[in-house]
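Please read the structure below before turning to the comments.
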Amino acid sequence: ERRRLRLDEHTPGVMSAFVRNRLIDEVYLPLIGDNLAKQLGAAGDGRRTDHMGMLLLISPPGYGKTTLMEYVAERLGLLLVRVNGPALGHSVVSLDPAEAPNATARQEVEKINLALELGNNVMLYLDDIQHTSPELLQKFIPLCDAQRRIEGVHDGESRTYDLRGKRFAVVMAGNPYTEAGTPFQVPGMLANRADVWNLGDVLTGKEDAFAFSYVENALTSNPVLAPLSTREPADLDLLVRLASGDTSVRP
């Protein structure tokens, strides 16, 4: 049954080169954490059952959206069901696998329904949504509200999934431009309800953390500096200040 459902494909796998750097800690995780606390329910005495919301990340390729969400899902103990937007294409507008135009698209729609069927401890991650139909994306709008209900089809049967109070998160990621080179427009009703973050815009005023991340990410590839990656962040900060000629510090 595990093989039939391909559950092993949905186990988040963090890249060996992943570095949780200052940029992630100070800029990205606060944005993502606030949203996931709404979707999954905050931990501790303040936990509420009226889960709601959706996370939508927009950025050019290479900003590490998928890598970051793999890491977050792994740390939170969530099954990561990743759906490939280009495989869905613009022709898929239904969550019924039988209406998919080809086998590849049908498999991706089945993944969505598998995530809904599992229901608990799941992150549904729709990648490259600029290649999908706005009509399909609007199917997820009810998940943004406290009702957390959505219609789906599993094993040929129509289902109404009630995800209230469950640890279920929906994350979408896309690029600012479509394959035709035109700006990607997030469907208005979705943008009004989801937390939409442009990872390029949120870096305004955080240029130092962004530049510092290049050094932090490079450490693991340098045999001399690699030990720094496992030490206190202040050690690396000291090294960078020394390298930049700061006369107020010493080894």
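Couple of notes before you dig in:
- Point-to-point label distance, Arg6-Ala234, nm (Cα→Cβ direction, 7 Å offset): 4.9
- Fluctuation leader among Val27, Val196, Val224 - the chain, Gaussian network, Cα springs under 10 angstrom: Val224
- Cα gyration tensor shape of region 14-158, rounded if a/c is under 1.5, else prolate or oblate by comparing a/b with b/c: oblate
- Principal-axis tilt of helix 65-76 within the chain, Cα atoms, nearest 10 degrees: 90
- Computed with a 1.4 Å probe on the full set of protein chains, the accessible area for Leu238 sits at about 60 Å².
- For region 1-93: rounded, prolate or oblate by the Cα gyration tensor [a/c cutoff 1.5]: rounded
- The fraction of accessible area contributed by carbon and sulfur in region 102-199 is 44 percent, rounded to a whole number (1.4 Å probe; ligands and nucleic acids excluded).
- Distance from the C-alpha centroid of region 116-171 to that of region 18-43: 21 Å, rounded to the whole angstrom.
- Segment Val202-Thr160, extension gain: residue separation times 0.36 nm, minus the distance between their alpha carbons: 11.5 nm
- Counting charges near Leu95 (Lys, Arg +1; Asp, Glu -1) among other residues having Cβ under 15 Å from its Cβ returns a value of -4.
The values are calculated or read from the model by the stated rules, or taken from the named source; none is laboratory data. Source: prediction; values computed, not measured. Quick reminder, even Gly has a Cβ in these numbers, built from the backbone with ideal geometry, and neighbours come from all protein chains shown. Surface accessibility is based on the protein's heavy atoms, side chains included, excluding ligands, DNA and RNA. Shrake-Rupley method; radii C 1.70, N 1.55, O 1.52, S 1.80 Å.
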